[in-house]
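What follows is a single structure, written as structure tokens, with notes after it.
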Amino acid sequence: MTPPGPGATLSGSAEGALAPLRSRSALAWEFVYKTLVITGTEVRKLRHEPMDLLTRAVQPALWLLIFGEVFNKAKVIPTGSLSYRDFMAPGILAQSVLFIAIFYGIAIIWERDLGIVHKLLASPTPRGALVLGKALSAGIRGLSQMVIIYLLASLRGVHICWNPLALLGVMAAVILGAALFSTFSLIIACLVKTRERFMGIGQMMTMPLFFASNAIYSFEMMPPWLQTLAHFNPLTYEVDALRALMIVGGTSHLGLAVDFGVLLGTTTVLVTICARLYPNVVR
């Protein structure tokens, strides 16, 4: 038998070297596909509960139409070159996204009681894909709130920036913010495991997160200790990005690169933690 020539040996070596790369690529595409399947499954639920999104828009609308109008006339909060109405609109959008996302974890408690979580955990779907898929679906829910807030803000004379790139930036900030807080919510659900405890913790955390941020007042008005807390609050970075992108003449106090870096980095860490904790919900 004639031994394989140098070309055949090189070809075989190259094929062997490429095999792990192809395997990793296939795994990555499989992860993306399963994440999108979970996202699509969660988003389809919106067809059965459209009123849920509208009812969750009531509270932000009250803030925007009543609180915002009163303080816009009072002029007691310094907002630089922006009117208070313009200054507040991005904060109310962030608040609306927060209120949707922070209670998202109760869904897996319901799914556990219905036996759905057990089936998902028994499937070959990676835990990270389960968590990330739910986080992205929360982001899509957040986009529906974006439409509502944009409509209300436009009707009240807020100077919205309609630049397509700015709109894409706002969408990215909304999706990242919703993904971050929904994943945080899922972690809480994995730890407490009961609806009553989860609702209590969720209600306890929404107002501190909102008020310990720059959503309705500037950093300059905060005492030093609150400024420190605000810089550890992810909502601060979401509001800062939204204020720069959503409003004509708006600026980022912290820098858009920092804002998106913190949101993306925190979301990545929380998804990783939640993927490890996800099986705990059935234990």
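The values are calculated or read from the model by the stated rules, or taken from the named source; none is laboratory data. What you see is a predicted model; the values in this text were computed from it and never measured. Quick reminder, even Gly has a Cβ in these numbers, built from the backbone with ideal geometry, and neighbours come from all protein chains shown.
Computed quantities for the displayed model
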{"item": "Qualifying residue in the stretch 218-227 (condition: closer than 20 Å to Gly80 by Cβ and aromatic (Phe, Trp, Tyr))", "result": "yes"}
{"item": "Filter result for the condition that a residue is over 22 Å from Val37 (Cα atoms) and in contact (Cβ under 8 Å) with a residue 12 or more places away in the chain, over Arg112, Arg85", "result": "Arg85"}
{"item": "One residue from Ala189, Ala129 being touching a residue at least 60 places away in the same chain (Cβ under 8 Å), under 27 Å from Ile108 (Cβ atoms) and touching a Gly at 6+ places or on another chain (Cβ under 6 Å)", "result": "Ala189"}
{"item": "Breaking point among (1) touching an Asp or Glu at 6+ places or on another chain (Cβ under 9 Å); (2) in a helix (DSSP H, G or I); (3) modelled with pLDDT of 90 or more, for Ala153", "result": "(3)"}
{"item": "Matching residues, the stretch 211-244, being closer than 18 Å to Gln59 by Cα and either in contact with a strand residue (DSSP E or B) (Cβ under 9 Å, 6 or more places away or on another chain) or surrounded by fewer than 20 Cβ atoms within 10 Å (Cβ to Cβ) (or both)", "result": "Phe211"}
{"item": "Verdict on Ala166 being among the small types (Gly, Ala, Ser), in contact (Cβ under 8 Å) with a residue 24 or more places away in the chain and over 20 Å from Val37 (Cα atoms)", "result": "yes"}
{"item": "Candidate set from the stretch 152-182 (those that are of a type in the set (A, V, I, L, M, F, W, C) and over 27 Å from Glu69 (Cα atoms)); member that is surrounded by the fewest Cβ atoms within 10 Å (Cβ to Cβ)", "result": "Leu165"}
{"item": "All positions within the stretch 160-191 that are farther than 24 Å from Val43 by Cα and assigned to a helix (DSSP H, G or I)", "result": "Pro164, Leu165, Ala166, Leu191"}
{"item": "Residue, nearest to the chain's Cα centre (by Cα), within the stretch 200-210, restricted to residues that are farther than 22 Å from Leu64 by Cβ and either among the charged types (D, E, K, R) or loosely packed, with under 15 Cβ neighbours inside 10 Å (or both)", "result": "Met204"}
{"item": "Enumerated helices (runs of 4 or more DSSP H) restricted to the stretch 55-122, each holding at least 1 residues that are loosely packed, with under 15 Cβ neighbours inside 10 Å and of a type outside the set (Asp, Glu)", "result": "58-62, 68-74, 106-114, 116-122"}
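Residue by residue, here is whether (1) at pLDDT below 80; (2) of a type in the set (A, V, I, L, M); (3) closer than 30 Å to Tyr150 by Cα holds:
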| site | (1), (2), (3) |
| --- | --- |
| Leu18 | yes, yes, no |
| Phe31 | no, no, no |
| Thr35 | no, no, yes |
| Met51 | yes, yes, yes |
| Leu82 | no, yes, yes |
| Arg85 | no, no, yes |
